[in-house]
Amino acid sequence: MNHNELQIKNDESTKSTPPSGAKGFTPPSGVGGLDAWDQILKPSRGWQAVDWRELYRYRDLLYFLVVRGIKAKYAQSVLGVSWAVIQPLFTTLVFTVVFGNLAGISSDGVPYVIFSFTAMVPWNYFSGTLTEASNSLVVNANMITKVYFPRIVLPLAAAFSKLLDFVIGLAVLLGFMIWYRFLPGWEILVLPVLILILLLCSLGLGMILSAMAVQYRDVKHASTFMVQLLMYAAPVVYPASKVPDAYLFWYSLNPMVGVIEGFRSALLSTNPMPWNLVIVGGGVSVVVFVLGTYYFRRMEKVFADVA
Amino acid sequence: MSSIIQVHNLSKRYRIGLKEQRHDTFAQQLLAMVKAPLQNFRQLRSMSKFGEDDDSVFWALKDLNFEVQQGEVLGIIGHNGAGKSTLLKILSKITEPTAGEVRIKGRIAALLEVGTGFHQDLTGRENIYMNGTILGMSKKEIDRKLDEIIDFSGVEKYVDTPVKFYSSGMKVRLGFAVAAHLEPEILIIDEVLAVGDAEFQKKCLGKMESVAGEGRTVLFVSHNMMAVRNLCQKALVLKHGSLKYHGETEDAIDFYLKEYSETRRRLQYAPEDAPGNQEAKFLRAEVLPLTGKDWPLREGEGFRLEFEFLYLGKDRTNLDVTFHLVDEYSNLVFVGSSARNNSQEYFNNGQVKATCEIPPDIMNHGTYSVSRLLLVRNRGVIVLSVSDPISFEIVTSPADAFGWMGKKEGVVKPKLNWQLSYDPGH
C-alpha cells in the first residue's frame, strides 16, 4: 500500500515538471534530500572566516605559486638571487655613511653597520611583502576572472616567496655577527616569536591592501611611497631609545617597532628584550591579521567583477 | 538519471561604467579635475555597491531555472551578451550570484581559457604543474599523469624550454593537454575550441566526446552550431540574460537561429540615447520585404533596406548614405551608396531617411549583414560610421526544391538573360 502511494506521488511530480524546464522549478523531493548536494552557490552575506580546510586542499597551488614567484623574479638576470643580498647591503652602507657617520645617530653602542642591517632584514621583508602582496591580485587578474581557487593564496604566495630573501638576509647577518664577534644570549630564543609577529603583520596588511587594490588602483601608487615613509616610523636608522617615554606606547603600536628592537636584542644583545614593545606589537599584528582575513573574505566575492 | 546541477531563480547584476561627462570650457575642465578624486571614489565604490537600480545597473542574468542530469552534455547558446559567460562564471564559482542559488553534486572543473596561470619564464613542465594546480589538481595527480599530458600536447621536445619561446599554438596545445586530464564529475567549457588549428580542434572534440562518453556531465558554450549539434543532446538558449528555450539540441538551434535573425533585422534607438557624435546620431537600420511580400525573404525576391540618421549640423550640406553588405563568411557582396544616383540633396539639422531597394533576382540564399553603414558629407567626409547594425536571412525558394541540395553556390544568384539556339543538322 505504502509503496504504491509513493509510486503515485513520484509519477505526479514528474508529470508536473514542464518538459521544457525553462519555466517552473521543482525543488528536490525528499528522496536524496538537501544533504546530497556537495555545493550550494548563493549570495553570501556579512563577514566570513577563511575556509582553512579548502586552503589546505589548495596547498600545492600555493607551493607552485611561491616557486613561480621566486623563479620568475630572478629569471634572465645575471646576478640572480644575489640581488637579495646586494640591495639591503648597499642600502645599509648608505645609511651607515649618512646616518651613522655624517649625522652621528647613536646605535646603542654597536657598530652602525650591523645595527642598521639587523633592522634592514625584517624591514625589507615587511616592505617587500607589502608591495608584492598588494599587487598580487591585480597582477593575476586574468587568473581571478578565469578560474576559481581560494583567492587568499595569491597574497599568501607573495608573502612566502619573500621568505627566501629574508632567509638570505639572515645568513648575511650571521656573517656580520661572526665578523664583529657577536655572541647572542638567551634572547635568541625569542627570535621565532618575533618572526611570527613579522609574518602576521606583513600578511595582515598585505591582505587588506591587496583587497583594496583590486577596486582602487591608488593603492599601487600609495603603497610604494607609504612604505618608504613608514620606514622612519620604525627604528630602522635610529634606536627606539631615542623616542621619548611619553610617546613610547603609541610608537609601539607599530608592530615593526617591537620586531626590530626585538631582533637587535635577540641577536646583538644591545638591550634587554623590550617586552613592552614586543607584546603590544604582537597584539596589534594578531588583530591586523584577523582583520585582514575577514576583510579579504568580504571583498573576495567582488574581485572577479571589478578586477 | 538524477540531476547533478539545479539552478534556481539565478540572477546576476553588474554595474557598468557610467558615461563620462564632457566639459566644454577650460574652467569647467579645471573644476572637474579638482573634483575628480571625490567623483572617482564614488564611482569606484559604486562598482560593488548597489542602491536603487539606475542606468548603470545591468542584469546579466535574470531568474534562470533549469536542471542538468547526470551524464548529460548540455549546450549553451545565445548571441554575444546573452549571459552565457556569466552563467559559466557563476557555475564555476568565479563570481557569486546576486540572487537565487545553484546546487551542485561533485567536483567541477571550468575551462574558460586554456593555460591559465602560465608564466612566460617557466618551462613547459613547470607550467603544467602551475596550470594543473590552478585547475584544482594535486601535485601527486599531475605527477601521475605527467607523461600522458606531455604526450597529448605534442610538445615533448620543448617541455624543458620556457614557454615564451613557444608558438601560440604550442601554448594552447599544452594548456588543453592539462585540462584534458582533469577528472571532474562536471566539466564546463567555454569556446576553448575556437583556438588552435583544424587538426588540434579535431583532437579536442574527440577528447570531449570521450569525456562525455564516460558518463560525465559537460556544459558546453559555443558559437559553433556544428560542434553543439555533434556533442550535445540538449541545449539551452539564452537571450538578454533569460532562458528562452531548453530542450533537444536540434530544436534549440532552430529556435536560436530564428530568434537571432528576427532580432537582428532591425536596430533602432530613441533620439535621446542614439549613438553617434556631435554632428550626427544613428537612429535606425532595418531590412524589410517588398510591399505585398512577407517574411521570410526568399531568394529571387527583392527587399528593402531603410536607414535613419539625425543630422545636427547647422549648415546646408550634401549627405549620402553608404553601406557594405557581407555574407556569412564576411565576403563583401557589394557596396551600396546613394551617391551613385548623382542627385545633389541638401540637408541641415534634421532627420535623414534613406531607403534602398535591392531588386529581385540578385541575392542567393544565406545570412547577410550590413557590416558597415556610413553617413558621408560632401561626397567624401565620413560623418558617422556604424558597424554591423543589422543582419538577415534569405531562405531558398520552394521553386528550387528539386534543384541542387548541397552547399550554396556563389554569393549572388542573378537572373541572367540567356539566348539558347538550336541548329538541327549541319
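In segment A:50-296, the alpha-carbon atoms span a convex hull of 137 Å³ per residue. Taking amide H atoms as placed 1.01 Å from N in the peptide plane, the amide H of residue B:390 lies under 5 Å from those of B:370, each 5 or more residues away in sequence or on another chain. In plain terms, the C-alpha convex hull of the protein assembly as shown casts an average shadow of 52.0 nm² when viewed from every direction. Among the listed pairs A:71/A:220; B:293/B:415; B:293/B:353; B:62/B:93; B:140/B:202, a Cα-Cα separation exceeding 27 Å is found for B:140/B:202. Taking every alpha-carbon pair under 8 Å whose residues sit at least 6 apart, chain A reaches a relative contact order of 24 percent. Surface burial for A against B, with a 1.4 Å probe and both sides summed, reaches about 4400 Å² of accessible area. Residues of segment A:228-255 falling in the label zone of residue A:287, defined by backbone nitrogen less than 14 Å from a point 7 Å along Cα to beta-carbon, are A:249-255. Relative contact order of segment B:267-400, taken over Cα pairs closer than 8 Å and 6 or more residues apart, is 28 percent.
For the protein assembly as shown, the solvent-accessible area works out to 52 Å² per residue, with a probe of 1.4 Å and every protein chain left in place. Working from label points 7 Å from Cα in the Cα-to-Cβ sense, the residue A:101 to residue A:44 distance is 5.5 nm.
The mean count of C-beta atoms from other chains within 10 Å of the C-beta of residues in B:238-248, rounded to a whole number, is 2. Averaged over the residues of peptide A:57-70, the number of Cβ atoms from other protein chains lying within 10 Å of each residue's Cβ is 5. Inter-chain neighbour count for B:81-93: the average number of beta-carbon atoms from partner chains within 10 Å of each residue's beta-carbon is 2. Since only A:46, B:324, B:73 are under comparison, the one whose Cα sits farthest along the positive direction of the charge dipole of the protein assembly as shown, derived from C-beta charges on Lys, Arg, Asp and Glu, is A:46. What percentage of the solvent-accessible surface of segment A:50-296, computed with a 1.4 Å probe over protein heavy atoms, is contributed by carbon and sulfur atoms? About 71 percent, which is the carbon plus sulfur part of the accessible surface. Computed extension length for residue B:2-residue B:290: 98.5 nm, one decimal, from 0.36 nm per residue of separation with the Cα-Cα distance subtracted.
To the nearest ten degrees, helix A:112-139 and the longest principal axis of the Cα atoms of chain A are 20 degrees apart.
Using θ = phi - 60° in the Karplus curve 6.51 cos²θ - 1.76 cosθ + 1.60, the 3J(HN,Hα) couplings for segment A:57-74 round to 5, 9, 4, 5, 5, 4, 4, 6, 5, 5, 4, 4, x, 5, 5, 5, 5, 9 Hz; x is entered for Gly and Pro. Taking a Cβ cut-off of under 10 Å around residue A:41, the surrounding Lys, Arg, Asp and Glu residues balance to a net charge of +1, with basic ones at +1 and acidic ones at -1.
Amide hydrogen proximity for residue B:188: with H placed 1.01 Å from N in the peptide plane, the residues at 5 or more positions away or on another chain lying under 5 Å are B:109, B:110, B:111, B:219. Hey, with R₀ at 56 Å, roughly what FRET efficiency would residue A:246 and residue A:77 work out to, going by the Cβ-Cβ distance, to 0.05? Working from the Cβ atoms, E equals 0.70.
For residue B:334 and residue B:418, FRET efficiency with R0 = 22 Å and r from the beta-carbon atoms, rounded to 0.05? In this case the efficiency is close to 0.45.
Segment residue B:107..residue B:273, full-extension length gain: 55.2 nm, with 0.36 nm per residue of separation and the alpha-carbon distance subtracted. Counting Lys and Arg as +1 and Asp and Glu as -1, what is the net charge of the other residues whose Cβ lies under 12 Å from the Cβ of residue A:119? In short, -1. If R0 is 41 Å, the Cβ-Cβ spacing of residue B:306 and residue B:230 corresponds to a FRET efficiency of close to 0.55.
Once the other residues with Cβ under 15 Å from the Cβ of residue A:261 are scored (Lys, Arg +1; Asp, Glu -1), what is the net sum? Once positives and negatives cancel, what remains is -1.
Between the alpha-carbon centers of segment A:97-113 and segment B:87-145, tell me the distance in whole angstrom. If you average the Cα positions of each part, the centres end up 53 Å apart. A simple charge model with +1 on the Cβ of Lys and Arg, -1 on the Cβ of Asp and Glu and nothing else charged puts the dipole of segment B:267-400 at about 600 debye relative to its Cα centre. Would you mind telling me which residue in A:72, A:84, A:141 has the biggest mean-square fluctuation in a Gaussian network model of chain A, where springs connect alpha carbons within a distance under 10 angstrom? Ranking A:72, A:84, A:141 by mean-square fluctuation puts A:72 first. Between the amide H of residue B:298 and those of B:395, distances stay under 5 Å, these residues lying 5 or more places away or on another chain, with hydrogens modeled in the peptide plane. Working from label points 7 Å from Cα in the Cα-to-Cβ sense, the residue A:275 to residue A:196 distance is 1.6 nm.
The values are calculated or read from the model by the stated rules, or taken from the named source; none is laboratory data. This is a predicted model, so every value here is computed, not measured. Backbone-built Cβ (ideal geometry, glycine too); neighbour counts: all protein chains shown. Areas reflect the complete protein model, heavy atoms only, side chains present, ligands, DNA and RNA absent. Shrake-Rupley method; radii C 1.70, N 1.55, O 1.52, S 1.80 Å.
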